[in-house]
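Visitor: Before anything else, here's the structure in question.
Every number in this text was worked out from the coordinates using simple rules, so none of it is lab data. The structure presented is a predicted model; accordingly, all values stated were derived computationally and were not measured. Positions of Cβ are generated from backbone atoms using ideal geometry, with glycine treated the same way; all protein chains shown enter the neighbour counts.
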């Protein structure tokens, strides 16, 4: 007589972190599910967990961080917890490039330097916690190749203006002009021979500020979606500027290494606008030798 011994076929359990099969049972969760623990990485997990957020939902969440919707609004739409949302947002904001991936100067064969002309600078009001805790966002902007070249968040005095100036690449500070409004702090940091003053010269950056306020709920003047901590406010704004630089822009204006613009055009001439600079730049590109 042949006796068959019945055996139970156990499902192969794989750790979702290390994909290791060295897994043991590790009690039960507070809602009665069997808990497991990986012997290699010591991660604990539950099989067929309905709370795990997949890569697809993570990508949607990441994209929503660049839209005008609050973190709690994202949670309501996607059905995720605010705790996970905060942790995920902080991890994404931390990926922001220090230079915002702003397109920098290039070089032609033979060592000729290319130059981008006519930057604009302005400050934008925001707040952290309460409207009394003002956080001014100082922005350096390139209107010819639309991008944020640098930013600084702080007060509205000369110290904040100087902090913005130091974040601008040295070659830009040396060769390019900067258009601002009449705020006195700019006069203390920008050399007079490269400083253009007047609202007529800052239309581009003021226009892009309207776009920023339409895209970032933290920047809306009357909003409940404000930042409660300074470091998170700075991280969220920096991430948006980084994504703005990565997602748009036109072809760069490239001209040969010539004398600074201040020696070519009179800065007192009120007709120096972005269109004038662009036309002048393209007129010089005819002298660039082919690669």
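Visitor: What does the highest-first list of 159-172, 73-86 look like by mean Cβ count within 10 Å? Don't skip to the end; give the middle numbers.
Guide: On the way: 159-172: 16.5, 73-86: 13.7.
The peptides rank, most packed first, as 159-172, 73-86.
Visitor: What nm distance separates the two modelled labels at residue 246 and residue 24, each placed 7 Å from Cα along Cα→Cβ?
Guide: Using points 7 Å along Cα→Cβ, the separation is 4.2 nm.
Visitor: Further question on the same structure: With a Förster radius of 30 Å, plug the Cβ-Cβ distance of residue 206 and residue 167 into 1/(1 + (r/R0)^6) and report the FRET value to the nearest 0.05.
Guide: 0.90
Visitor: Something else about it: Given the C-alpha centroids of region 49-105 and region 206-223, what is the distance between them in whole angstrom?
Guide: Each part reduced to its Cα centre gives a spacing of 19 Å.
Visitor: For residue 230 and residue 174, FRET efficiency with R0 = 41 Å and r from the beta-carbon atoms, rounded to 0.05?
Guide: 0.80
Visitor: So how much slack lies between residue 182 and residue 12, counting 0.36 nm per residue of separation and subtracting their Cα-Cα distance, in nm?
Guide: 54.2 nm
Visitor: Something else now. Let's test the formula: R0 of 45 Å, r as the Cβ-Cβ distance of residue 223 and residue 49. What FRET efficiency results, to the nearest 0.05?
Guide: 0.80
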